[in-house]
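Okay, so here's the structure we're looking at.
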Amino acid sequence: VQLQASGGGLVQAEGSLRLSCAASGLTFSNYAMGWFRQAPGKEREFVAAISWRGGRIAYADSVKGRFTISRDGAKNTLYLQINSLKPEDTAVYYCAADGYGSGTSRVTDYDYWGQGTQVTVSS
(Lines give C-alpha, C1' and ligand atoms only; values in the text may rest on other atoms or scores of the structure.)
Protein backbone atom coordinates (compact mmCIF):
# COMPACT_ATOMS: atom_id res chain seq x y z
CA VAL A 1 0.00 0.00 0.00
CA GLN A 2 1.24 3.46 -0.90
CA LEU A 3 -0.24 6.82 -0.07
CA GLN A 4 1.58 9.61 -1.87
CA ALA A 5 0.79 13.09 -0.59
CA SER A 6 1.62 16.15 -2.66
CA GLY A 7 0.66 19.76 -3.19
CA GLY A 8 2.28 21.42 -0.21
CA GLY A 9 4.40 24.52 -0.44
CA LEU A 10 5.15 27.98 0.85
CA VAL A 11 2.19 30.35 0.69
CA GLN A 12 1.26 33.71 2.18
CA ALA A 13 -1.45 34.06 4.78
CA GLU A 14 -4.95 34.08 3.25
CA GLY A 15 -3.68 32.05 0.33
CA SER A 16 -4.89 28.65 -0.87
CA LEU A 17 -3.49 25.22 -1.62
CA ARG A 18 -4.91 21.91 -2.76
CA LEU A 19 -3.29 18.82 -1.32
CA SER A 20 -3.61 15.48 -3.07
CA CYS A 21 -3.07 11.95 -1.85
CA ALA A 22 -2.74 9.26 -4.50
CA ALA A 23 -3.53 5.79 -3.18
CA SER A 24 -2.31 2.51 -4.63
CA GLY A 25 -2.18 -1.10 -3.52
CA LEU A 26 -5.58 -1.02 -1.84
CA THR A 27 -9.23 -0.97 -2.83
CA PHE A 28 -9.69 2.76 -2.37
CA SER A 29 -13.48 2.61 -2.15
CA ASN A 30 -13.23 0.33 0.91
CA TYR A 31 -11.26 2.83 2.96
CA ALA A 32 -12.14 5.87 4.96
CA MET A 33 -9.52 8.54 4.35
CA GLY A 34 -8.21 11.22 6.63
CA TRP A 35 -5.87 14.19 6.74
CA PHE A 36 -3.76 14.89 9.77
CA ARG A 37 -1.01 17.42 10.42
CA GLN A 38 1.98 17.76 12.67
CA ALA A 39 3.76 20.97 13.53
CA PRO A 40 7.30 20.99 14.95
CA GLY A 41 7.29 19.99 18.59
CA LYS A 42 3.61 19.07 18.58
CA GLU A 43 1.62 15.87 18.37
CA ARG A 44 -0.04 14.78 15.16
CA GLU A 45 -3.56 16.19 15.05
CA PHE A 46 -6.71 15.47 13.14
CA VAL A 47 -7.69 17.79 10.29
CA ALA A 48 -10.45 16.14 8.26
CA ALA A 49 -11.83 12.74 7.34
CA ILE A 50 -14.29 11.18 4.91
CA SER A 51 -15.96 7.80 5.36
CA TRP A 52 -15.40 4.92 2.96
CA ARG A 53 -18.72 5.54 1.27
CA GLY A 54 -18.24 9.29 1.36
CA GLY A 55 -21.42 9.90 3.29
CA ARG A 56 -19.76 11.18 6.46
CA ILE A 57 -17.31 14.04 6.59
CA ALA A 58 -15.73 15.49 9.70
CA TYR A 59 -13.47 18.45 10.33
CA ALA A 60 -11.44 19.74 13.22
CA ASP A 61 -12.99 22.89 14.65
CA SER A 62 -9.89 24.87 13.75
CA VAL A 63 -10.35 24.27 10.02
CA LYS A 64 -14.13 24.26 9.59
CA GLY A 65 -15.22 26.63 6.88
CA ARG A 66 -11.72 26.89 5.42
CA PHE A 67 -10.78 23.31 4.51
CA THR A 68 -12.70 20.91 2.27
CA ILE A 69 -11.98 17.20 2.00
CA SER A 70 -13.07 15.18 -1.01
CA ARG A 71 -12.28 11.93 -2.78
CA ASP A 72 -12.29 10.78 -6.40
CA GLY A 73 -12.82 7.04 -6.68
CA ALA A 74 -12.01 6.98 -10.38
CA LYS A 75 -8.57 8.40 -9.67
CA ASN A 76 -8.00 6.73 -6.28
CA THR A 77 -7.15 10.15 -4.94
CA LEU A 78 -7.99 12.10 -1.81
CA TYR A 79 -7.96 15.90 -1.79
CA LEU A 80 -7.82 18.68 0.75
CA GLN A 81 -8.68 22.15 -0.46
CA ILE A 82 -7.22 24.67 1.96
CA ASN A 83 -8.39 28.29 1.83
CA SER A 84 -7.71 31.34 4.00
CA LEU A 85 -4.47 29.87 5.24
CA LYS A 86 -3.11 31.05 8.57
CA PRO A 87 0.43 30.85 9.95
CA GLU A 88 -0.81 28.35 12.52
CA ASP A 89 -1.70 25.98 9.68
CA THR A 90 2.02 25.46 9.09
CA ALA A 91 2.75 21.75 9.47
CA VAL A 92 3.49 18.55 7.65
CA TYR A 93 0.20 17.21 6.34
CA TYR A 94 -0.33 13.45 6.22
CA CYS A 95 -3.02 11.39 4.54
CA ALA A 96 -4.14 8.11 6.05
CA ALA A 97 -6.44 5.18 5.24
CA ASP A 98 -8.77 3.23 7.55
CA GLY A 99 -10.36 0.05 6.20
CA TYR A 100 -14.18 0.32 6.14
CA GLY A 101 -13.85 3.21 8.54
CA SER A 102 -16.37 5.89 9.35
CA GLY A 103 -13.78 8.65 9.10
CA THR A 104 -12.70 9.15 12.69
CA SER A 105 -10.34 11.64 14.28
CA ARG A 106 -8.23 9.03 16.05
CA VAL A 107 -4.71 8.48 14.76
CA THR A 108 -4.78 4.90 16.01
CA ASP A 109 -7.80 3.99 13.84
CA TYR A 110 -5.83 4.40 10.62
CA ASP A 111 -4.02 1.48 9.03
CA TYR A 112 -1.82 3.19 6.45
CA TRP A 113 -0.05 6.54 6.29
CA GLY A 114 1.53 8.61 3.58
CA GLN A 115 4.88 10.32 3.87
CA GLY A 116 3.55 13.84 4.36
CA THR A 117 3.74 17.11 2.48
CA GLN A 118 5.00 20.35 4.03
CA VAL A 119 2.72 23.38 4.18
CA THR A 120 4.34 26.62 5.31
CA VAL A 121 2.29 29.79 5.71
CA SER A 122 4.05 33.12 6.00
CA SER A 123 2.44 36.09 7.71
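Over the Cα atoms of the chain, what Rg and Dmax result, in angstrom?
13.2, 40
Roughly how many Å² of Tyr94 are accessible to a 1.4 Å probe, to the nearest 10?
40 Å²
Starting from the Kirkwood radius over alpha-carbon pairs of the stretch 6-60, derive D by Stokes-Einstein at 37 °C in a medium of 0.692 mPa s and give it in µm² s⁻¹.
Rounded to a whole number, D works out at 247 µm²/s.
Among the DSSP beta bridges whose two residues both lie in the chain, what percent are antiparallel, rounded to the nearest 5?
Looking only at bridges with both residues in the chain, the antiparallel portion is about 90 percent.
Just how far, in whole angstrom, is the stretch 17-49 from the stretch 59-115 if you go by their alpha carbon centroids?
If you average the Cα positions of each part, the centres end up 4 Å apart.
Suppose each label sits 7 Å from its Cα in the direction of the beta carbon; what would the Asp72-Arg53 distance come out to in nanometres?
Reported label-point gap for Asp72 and Arg53 is 2.5 nm.
Once fully extended, how much extra length lies between Ala60 and Ser29, figured as 0.36 nm per residue of separation less the alpha-carbon to alpha-carbon distance?
Going from the current span to full extension adds 8.8 nm.
For the chain, what % of the accessible area comes from carbon and sulfur atoms, probe 1.4 Å?
Exposed carbon and sulfur together represent 45 percent of the surface.
Pick out, from Asn30, Cys95, Val119, the residue whose Cα sits farthest towards the positive end of the charge dipole of the chain, with +1 on the Cβ of Lys and Arg and -1 on the Cβ of Asp and Glu.
Farthest towards the positive pole: Asn30.
So, for the stretch 39-94, what is the accessible surface per residue at a probe of 1.4 Å, expressed in square angstrom?
Value returned for the stretch 39-94: 53 Å² of accessible area per residue.
The values are calculated or read from the model by the stated rules, or taken from the named source; none is laboratory data. No experiment lies behind these values; they were computed from the predicted model shown. Methodologically, a virtual Cβ is constructed for each residue, glycine included, from the backbone with ideal geometry; neighbour enumeration extends over all protein chains shown. Areas reflect the complete protein model, heavy atoms only, side chains present, ligands, DNA and RNA absent. Shrake-Rupley method; radii C 1.70, N 1.55, O 1.52, S 1.80 Å.
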